[in-house]
Amino acid sequence: MLTRSMLIFAALLFAGSALAAPQLKPEKDKEAPAIVGSRWSGKTAEGWDMTIDFNTNGKMTVAYNGTSFNKASWRQEGDKIYYEMNERYCEFDGKLVGDTITGSTHNVAGKIWQTRLTRVAER
């Protein structure tokens, strides 16, 4: 009987000390920097050099192969970046890490490719 009492006492003592131990606060996610007003460079699916300007109000200007257009939009949610071009003919989902955005791009023709953009200048 004494052994059983000692086991119960030891269990309660252990449980009490575990509950009283200080709890670490979870680290808050660091807010990703906004990309509005920035320019990025990368390659198109065809391998052409491309620049993207992430303008205000979700507007985007894209330049490649000697031409530019602004029939494109974007949004940022934390470190997640989404953009589309030509009424969603082409769509991108990626992640911002430092001065790089990487992710997957697809188009309505079913082509899928990996895209990597690098920050080139603050405007």
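So here's what we get for this one:
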| item | result |
| --- | --- |
| Carbon and sulfur %, accessible surface of segment 37-83 computed with the full protein complex present, 1.4 Å | 44 percent |
| Accessible area per residue in Å² at 1.4 Å probe, computed on segment 31-120 | 57 Å² |
| Calculated SAXS-style log₁₀ I(q)/I(0) at q = 0.11, 0.15, 0.25 Å⁻¹ - segment 34-123, Debye, Cα scatterers | -0.25, -0.49, -1.59 |
| Ranked packing of 65-77, 96-108, most packed first, by mean Cβ within 10 Å | 96-108, 65-77 |
| Rough spin-label spacing in nm, given labels placed 7 Å along Cα→Cβ, for Lys59 and Ala34 | 1.6 nm |
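The values are calculated or read from the model by the stated rules, or taken from the named source; none is laboratory data. Computed from a predicted structure; not experimentally measured. All Cβ positions, even for glycine, are placed from backbone atoms using ideal geometry, and neighbour counts span all protein chains on display. Calculation scope for accessible area: heavy atoms of the full protein, side chains included, ligands and nucleic acids excluded. Shrake-Rupley method; radii C 1.70, N 1.55, O 1.52, S 1.80 Å.
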